[in-house]
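Bear in mind these aren't lab numbers, they're just calculated from the coordinates by the rules spelled out. Just so it is clear, the model here is predicted, and its values are computed rather than measured. Note that we place each Cβ from the backbone using ideal geometry, even for glycine, and neighbour counts take in every protein chain shown.
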Amino acid sequence: MRTIFYIVRKEFKQIFRNKSMLPIIFIMPFLQLIILSNAATFEIKNVNFNVLDLDRSSLSFKLMEKFEASPYFIRSDGELSVNNVEEEILNDKAKLVIVIPENFEKDLVRENKAEVQLLINAIDGSAAGIIANYAQNILIGFNIEARINMINMYDPVRTPSIGISYRHLFNPELDYITFMVPGITALLVTLIGLLLSSMSIVKEKEIGTIEQINVTPIRKHELIIGKLIPFFIIALFELGLGLSIGKLLFNIPIVGSIWLIFLFASLYLIVALSIGLVISTFTDTQQQAMFITWFIMVIFILMSGLFTPIQSMPMWAQRITWFNPVAYFIDVMRMVMLKGSGFADIQRHFIILSIYAVISTSYAVFRYKKVN
Amino acid sequence: MNSIEVKNICKSYKDTKALEDISFEVKKGEIFGLIGPDGAGKTTLFRILTTLLLKDSGSAGVEGFDVEKDYKAIRRIIGYMPGRFSLYQDLSVEENLNFFATVFDTTVKANYELIKDIYVQLEPFKTRRAGKLSGGMKQKLALCCALIHQPEILFLDEPTTGVDPVSRKEFWEMLKKLKDKGITILVSTPYMDEAFLCDRIALIQSGRIMDINTLEGIILKFPKKLYAIKSDNMYKLNSDLKECGMCDTVYIFGEYLHLTPKSSECSGLEDYLSEKGHTGIEISQIKATVEDCFMDLMSRHGSTNNE
């Protein structure tokens with residue numbers, strides 16, 4: 001036990017002496033949380049649009065007005081003709097062009113149905129989806145209004161309509177920051193647990209100090225535990241720092257128990273640290289360790305539900321996320337922080353991650369014993 | 001009693017044989033030198049004896065402990081200084097020393113007597129990071145760290161490689177003092193001229209020990225007459241001697257060529273060289289050096305250098 005304490009002490013000295021380490025620990029959380037939380041949002045405002053109005057009726061003008069009135073859209077200058085519609089999008093003057101065909105009003109009144117065409121620049125797929133969504137909402141509104149007006153002309157008394165009212169639970173204003181901060185904090189913990197730990201172990205190999213350590217009475221498990229404990233502590237510190245920034249700077253609600261978050265984070269860190277240890281047994285230099293860890297982390301993060309919801313992934317991808325510890329951690333962070341889930345609610349996560357922890361630590365120990 | 005006993009050790013890395021049937025003993029309290037070029041297998045041997053590497057076959061013991069079964073006991077009583085500087089470069093001199101002391105469950109104070117002579121030279125730099133020390137200072141620090149737990153045997157793997165001549169001399173003086181304190185020292189070096197500082201030496205080449213003896217013993221065994229020869233045009237001299245057919249071996253040794261003649265006499269040689277137009281010829285019979293012995297043994301073992 002005393003040996004482990006000496007190693008931990010030595011490790012902390014080295015960490016705080018490393019010039020790149022302090023910024024990573026203290027400045028990166030601020031930068032990441034502030035930049036990502038503000039930058040990574042799905043809201044798109046001020047989309048340039050234009051209209052090719054071939055009908056020029058009162059209804060088509062009304063539709064145009066509806067788009068102009070929306071806070072999301074800004075009409076770009078210039079009249080469109082059939083010939084320069086494509087040009088408008090090619091030159092990036094408009095992301096969205098609405099084509100209102102001839103006889104739009106006539107068809108709507110007489111045949112009770114009419115069509116408009118939406119041309120959307122889909123270079124950025126998700127932006128295009130969001131623009132289409134906004135446009136659709138406006139069209140639906142317009143549709144209902146138009147129908148009500150028409151029905152009223154014949155039968156002013158009966159005005160059937162279904163009003164929809166939304167209430168977004170746990171994040172009433174659909175605040176993107178509220179949604180991102182728990183995830184990004186989880187990311188920081190992952191970064192420390194996975195990347196820095198694997199690099200620190202490989203460093204002993206790369207510099208050759210492991211040779212000197214191995215001829216001392218230090219046991220292998222003492223060395224590993226001694227080297228991993230500091231990162232465990234720093235990662236939990238990061239978690240606390242991230243939560244504080246979220247609470248104080250962004251006023252994120254923390255509904256559930258903080259202790260539950262830390263408890264789950266500790267379990268998660270056991271998994272992350274042992275994956276880091278496995279990586280260190282496959283590599284000889286810090287650079288190799290960094291590349292491999294980075295590769296794994298990108299996959300973990302893309303498949304974690306941090307940026308894109310897991311539910312929107314194809315089934316095979318969703319199955320892969322079952323094996324992604326980051327996905328469980330982010331999910332628990334969001335559940336506990338925003339919804340106030342208790343232990344019973346995240347029991348399943350606990351069980352799965354515990355299994356994961358057992359497997360990854362035993363594999364790490366097996367690999368480490370075999371290689372070193 | 002022997003400090004180190006090695007019997008018939010073999011070790012291969014995939015297809016390359018690093019050690020072939022190595023056997024030797026190191027007596028308690030002597031300085032034993034392993035002398036051989038890079039790639040001879042010195043480091044492999046060190047790593048087996050310091051319990052860092054498993055041998056393929058044979059047996060090896062350190063102070064009566066088996067290197068595989070009793071590795072824990074061995075690690076408590078040996079000090080190892082690897083060929084590459086392997087202390088923490090980002091810790092200071094003091095911190096490195098303290099760390100290795102605590103790891104052995106002891107303190108610098110308790111062992112100060114042993115390292116005092118070396119440590120006083122380091123003392124002015126004790127707060128400096130190890131990575132920022134000069135080469136000679138690094139070696140001294142590494143030696144201090146290897147000594148901090150009062151080991152019975154020191155394993156020094158090429159401690160003087162890349163160190164300036166003055167520091168090299170100092171280093172060997174320190175080893176002599178340690179020897180006087182009863183510590184057995186196994187040291188390896190690629191420098192033949194350090195052989196005379198060891199009590200006994202083993203010449204090692206391509207994973208095999210060619211000879212083990214005291215320095216005098218090895219030199220006495222040199223079987224042929226040896227001449228040093230010099231002229232004004234050394235380059236031409238070298239090629240002429242190789243062509244003439246009168247010499248067994250011709251090697252360049254600094255400003256002289258060392259040659260062993262085929263016949264016992266080399267009287268015809270001077271005439272031959274004058275004919276070839278050499279001036280300023282000097283020929284004298286000399287005593288063999290370790291290097292001559294090494295070259296001779298190497299050619300007789302017919303070893304091909306498979307680097």
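Under the convention that each Lys and Arg Cβ holds +1 and each Asp and Glu Cβ holds -1, the size of the dipole of the protein assembly as shown around its Cα centre is about 2320 debye. Of all DSSP beta bridges in the protein assembly as shown, what percent run antiparallel (nearest 5)? Around 60 percent antiparallel, to the nearest 5. Dipole check for chain B: with +1 at the C-beta of Lys and Arg, -1 at the C-beta of Asp and Glu, and the Cα centre as origin, the magnitude is about 920 Debye. Across B:285, B:150, B:139, mean-square fluctuation computed from a Gaussian network of chain B (C-alpha pairs under 10 Å connected) peaks at B:285.
Taking the fewest neighbouring Cβ atoms within 10 Å as the starting point, the ordered list for A:298, B:187, B:26 is A:298, B:26, B:187. For chain A, the residue among A:260, A:225, A:282 whose Cα projects farthest onto the positive side of the dipole built from Cβ charges is A:225. For the stretch A:80-96, the Karplus equation 6.51 cos²θ - 1.76 cosθ + 1.60, evaluated at θ = phi - 60°, returns couplings of 9, 10, 4, 6, 9, 4, 5, 4, 4, 7, 4, 7, 6, 6, 9, 8, 9 Hz by residue, with Gly and Pro reported as x.
Over every Cα atom in the stretch B:8-108, the radius of gyration and the widest Cα-Cα span, Dmax, amount to 15.6, 45 Å. Farthest toward the positive end of the dipole of the stretch B:227-287, out of B:283, B:227, B:254, is the Cα of B:254, where the dipole comes from beta carbon charges about the Cα centre.
Exposure proxy for B:164, A:345: other Cβ atoms within 10 Å of each Cβ, ordered fewest to most, give B:164, A:345. Using a Gaussian network model of chain A in which every pair of alpha carbons under 10 angstrom is joined by a spring, one finds that among A:292, A:213, A:270 the greatest mean-square fluctuation is at A:213. Checking every one of the chymotrypsin sites (Phe, Trp or Tyr not before Pro) in the stretch A:168-211 against DSSP loop status and a limit of 16 other Cβ atoms within 10 Å picks out A:170. Taking the charge dipole of chain B about its Cα centre, with +1 at Lys and Arg Cβ atoms and -1 at Asp and Glu Cβ atoms, the residue from B:148, B:54, B:134 reaching farthest to the positive side is B:148. Expressed per residue, the C-alpha convex hull volume of the protein assembly as shown stands at 264 Å³. Residues whose amide H falls under 5 Å from that of residue B:18, counting only those 5 or more places apart or on a different chain, are B:11, B:12, B:13, with hydrogens built in the peptide plane. In order along the stretch B:48-62, the Karplus-derived 3J(HN,Hα) couplings, from 6.51 cos²θ - 1.76 cosθ + 1.60 at θ = phi - 60°, round to 5, 5, 8, 6, 8, 9, 8, 7, 7, 7, x, 9, 9, x, 10 Hz, and Gly and Pro are given as x.
Would you please report the Å³ per residue occupied by the convex hull of the alpha carbon atoms in chain A?
On the way: hull volume 70.3 nm³, N = 372.
Here the figure is 189 Å³ per residue.
Would you work out the charge dipole size for chain A about its Cα centre, treating the Cβ of every Lys and Arg as +1 and the Cβ of every Asp and Glu as -1, and quote it to the nearest 20 debye? Display every interim value, and only then the final one.
Details: 32 positive and 30 negative charges, 491 e Å.
Roughly 2360 debye, rounded to the nearest 20.
Once Rg and the Kirkwood radius are both taken over the C-alpha atoms of chain B, their ratio Rg/Rh works out to 1.05. For the stretch B:266-285 versus the stretch A:24-71, the inter-centroid distance based on Cα atoms is 97 Å.
Alpha-carbon geometry of the stretch A:260-372: the Rg and the Dmax are 15.1, 46 Å, given in that order. Between the amide H of residue B:27 and those of B:3, distances stay under 5 Å, these residues lying 5 or more places away or on another chain, with hydrogens modeled in the peptide plane.
Here's how it looks for residue B:34: its modeled amide H is under 5 Å from those of B:187, B:188, B:189, B:202, which are all 5 or more places away or on a different chain.
Among the GluC sites (Glu not before Pro) found in the stretch B:168-266, those both in a DSSP coil and sparsely packed, with 11 or fewer other Cβ atoms within 10 Å of their Cβ, are B:255, B:265.
Going from the fewest other Cβ atoms within 10 Å to the most, the residues A:294, A:316 appear in the order A:316, A:294.
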